[in-house]
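Encoded as structure tokens, the structure appears first; notes follow it.
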Amino acid sequence: MAARRRRRRAAPEEDGEEEEEEEEEEEGSDQEPDLIERLDDLDLRNDSDVPDVPPSIDSTPEILRRALSGLSARWKNWWIRGILTLAMISVFFLIIYMGSFMLMLLVLSIQVKCFHEIITIGYRVYHSYDLPWFRSLSWYFLLCVNYFFYGETVADYFGTFVQRREQLQFLIRYHRFISFALYLAGFCMFVLSLVKKHYRLQFYMFAWTHVTLLITVTQSHLVIQNLFEGMIWESVNCKLRQKEEHGRFLVPISSVICNDIAAYIFGFFFGRTPLIKLSPKKTWEGFIGGGISTVVFGFIFSYFLAQHQYFVCPVEYKSETNRFVTECEPLELFQMKKYSVPLLLRSVLGWETVNMYPFQMHSIALSTFASLIGPFGGFFASGFKRAFKIKDFADTIPGHGGIMDRFDCQYLMATFVHVYITSFIRGPNPSKLLKQLLVLQPEQQLNVYNTLKSHLVEKGILQPSLRG
């Protein structure tokens, strides 16, 4: 560099100021390697120095441990997983029986637990750095994001109820501004908590918290949105929106559960060919067997659900009775229709026509996603756990790991169900529009009425008034 500097000085000077700027840039480039080295020394330690997450503890109940003590580890795990799976399915159906509100509380509880498990991994890995306010700020941001999303839900679905409560009108009217102000407070606290020598690590953890919020809170909010469309949509893997969108809860969730169980069974008994390196125990036999079983299950399960209003009607809140109700007149999506059997299948089945619900066709799409793409949520979680050298997110459920271990595929499915309904099923929403009209001032309501009346008269739907 010194030689280049001397050659530049020997060259004819066209502009003295330009040469000085170039020399300053040269000097700055000389200092860059030293600066980077100093920052590396002051900042994050090598990955090899980062402490591993402590191994999870076996939380199997003592009564089960004694009863299965004579079995091999493979079969012991089989029975533990099977018994706990049946117990969880029983509890799930009990909560379904208790109604939509209990399902919402269940979704919220699962969200909080999943967030806790992921944040705890970060805390255990980096706790030796003694970062200030990490856990406190993480939970504060969780509170802020939930306040924003659930506040939007309250304003959207319970607008009539809120308008009757004067003390709530301020919170709903300025909900987004309040949410943003709360987030800004947390953002400023994070900036004030920055500690010299740990800047990079603190920003890593800041990103960790926000990605965790994206995975847990956003997806659980979509699950709640699906639930308002009707329980049936969430069961596949799976508001007062539109009655065509009923039942978005049971079919999606049940499809993912079915896929997990069927893939495990087929892999346990027939698995020979490894599927993916991220998860060595996953096999092609389990993947294919689980996929076929899930599609068949979703088709049959949706047939039974579509016959009951409790599952196909959207969840509505009746302000007169302060209760959630699921009553409606099922639309065409949940009414039996006759379909012609394709020519290729007529010779096999011996049928020319078949009676089925249109929703069963949608269940095939949902079940296919649950069996083909849904498992990639599990692969993603496996890669995450391998990065931190842990087997499970937690030891909450014996034989299964943490809550996040059971719901890694559900979050991906919830997003797909929401996008699927928005893209292929949902239409204009008269109920939501009517709620917004009822909130307007009387003059605004009259203006909307006159405009709509003129439009209907022009289309010939209404007869013009004879007065005047």
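The values are calculated or read from the model by the stated rules, or taken from the named source; none is laboratory data. Everything quoted here is computed from the prediction, not taken from an experiment. Every residue, glycine among them, receives a Cβ derived from its backbone with ideal geometry; neighbour counts consider all protein chains shown. Side chains included, ligands, DNA and RNA excluded: accessible areas come from the protein's heavy atoms. Shrake-Rupley method; radii C 1.70, N 1.55, O 1.52, S 1.80 Å.
The condition (being touching a His at 6+ places or on another chain (Cβ under 9 Å), in a helix (DSSP H, G or I) and either at pLDDT 85 or above or not acidic (Asp, Glu) (or both)) is satisfied by just one residue among Tyr449, Tyr420, Tyr411: Tyr420. Determine, yes or no, whether Gly383 is more than 29 Å from Leu108 (Cβ to Cβ) and either among the acidic types (Asp, Glu) or exposed (fewer than 14 other Cβ atoms within 10 Å of the Cβ) (or both). Considered against the rule, which asks whether it is more than 29 Å from Leu108 (Cβ to Cβ) and either among the acidic types (Asp, Glu) or exposed (fewer than 14 other Cβ atoms within 10 Å of the Cβ) (or both), Gly383 comes out as no.
Could you say which residue among Ile364, Ile390 is of a type in the set (A, V, I, L, M, F, W, C) and part of a loop (DSSP other than H, G, I, E, B)? Step through it out loud before you land on a result.
Details: Ile364 fails: part of a loop (DSSP other than H, G, I, E, B).
Only one candidate qualifies: Ile390.
Counting only strands (runs of 3 or more DSSP E) wholly contained in region 234-330, the ones carrying 1 or more residues that are open to solvent by less than 50 Å² (accessible area, probe 1.4 Å) and modelled with pLDDT of 80 or more occupy 274-276, 279-283.
Scan region 212-226 for residues that are among the β-branched types (Val, Ile, Thr) and open to solvent by 10 Å² or more (accessible area, probe 1.4 Å) and jot them down. Before the answer, list the steps.
Going residue by residue through region 212-226, those that are among the β-branched types (Val, Ile, Thr) are 212, 215-218, 223-224.
Once the filter is applied, which keeps residues that are among the β-branched types (Val, Ile, Thr) and open to solvent by 10 Å² or more (accessible area, probe 1.4 Å), region 212-226 yields Ile215, Thr218, Val223.
Residue under question is Phe148, and the condition is that it be at pLDDT 80 or above, exposed (fewer than 15 other Cβ atoms within 10 Å of the Cβ) and either in a helix (DSSP H, G or I) or out of contact with any His (no Cβ under 8 Å at 6 or more places or on another chain) (or both); does it hold? Spell out how you get there, then give the answer.
Details: at pLDDT 80 or above: yes; exposed (fewer than 15 other Cβ atoms within 10 Å of the Cβ): no; either in a helix (DSSP H, G or I) or out of contact with any His (no Cβ under 8 Å at 6 or more places or on another chain) (or both): yes.
For Phe148, the condition - at pLDDT 80 or above, exposed (fewer than 15 other Cβ atoms within 10 Å of the Cβ) and either in a helix (DSSP H, G or I) or out of contact with any His (no Cβ under 8 Å at 6 or more places or on another chain) (or both) - is not met.
None of Phe177, Phe161 is within 22 Å of His221 (Cβ to Cβ), over 18 Å from the mean Cα position of the chain (by Cα) and at pLDDT below 85 except Phe161.
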